[in-house]
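Step one of this worksheet: look at the structure below.
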Amino acid sequence: MKDHQGLGRRERIDRSQARAWMLQVHYRWEAGAREGTLRDALIATEATRRISPRRLPYVREVLALLDEHGDAVDRALHTALENWRLERLSTIDRAIVRIAAAEILLVDDVPPKVSIQEAIRLAETYGGPESPRFVNGVLDALYKAQAGRTE
């Protein structure tokens, strides 16, 4: 059965789990002082962990987009962050907003509101007590700024 996004339940679950893997890979990359690329961090992760073959293509896609367009994603996030700098966010919150922002800005088949909701779920699971609200606020500001540009 397909939903309004054209994705079946299994595909939605796989993408949700893929985002959790992206978060782990991003965290590993930052813990390594951002040496190499996110792809390198994914390869290192795959050497010790098994990522489902159904999830891996989406993990690779979004991490490759962040490797290629990370500076543009960060610039867009800087605009959305009021009275904050991206560098001051916790490692987890920074990774969550970067992954969701990449989806919002660069992945056409994921509605922005889905990216935001998925980021909030990650923040609820892995972030601090204020993370879900903070992540929602930043991504909502990014979404509204992008929507204003396309009108």
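Computed quantities for the displayed model
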| item | result |
| --- | --- |
| Highest-MSF residue in the chain out of L66, L106, L23 [GNM, Cα springs under 10 Å] | L106 |
| Mean projected area in nm² (Cα convex hull; one quarter of hull surface) for the chain | 9.0 nm² |
| Axial C-alpha extent at least 18 Å, average Kyte-Doolittle at least 0.5 - helices from the chain (DSSP) | 91-106 |
| Relative contact order of the stretch 26-151, pairs being alpha-carbon contacts under 8 Å that are 6 or more residues apart, as % | 22 percent |
| Efficiency of FRET from Cβ geometry, R50 and E82, R₀ 41 Å, rounded to 0.05 | 0.50 |
| Local electrostatic count at V107 - Lys and Arg +1, Asp and Glu -1, tallied over other residues with Cβ under 11 Å | -3 |
| For the stretch 60-131: rounded, prolate or oblate by the Cα gyration tensor [a/c cutoff 1.5] | oblate |
| By average C-beta atoms within 10 angstrom, highest first, the peptides 31-44, 51-64 | 51-64, 31-44 |
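No value in this document is a laboratory result; all are computed from the given coordinates. Quantities reported herein were computed from a predicted structural model and do not represent experimental measurements. Glycine gets a Cβ as well: all are built from the backbone with ideal geometry, and neighbour counts include every protein chain shown.
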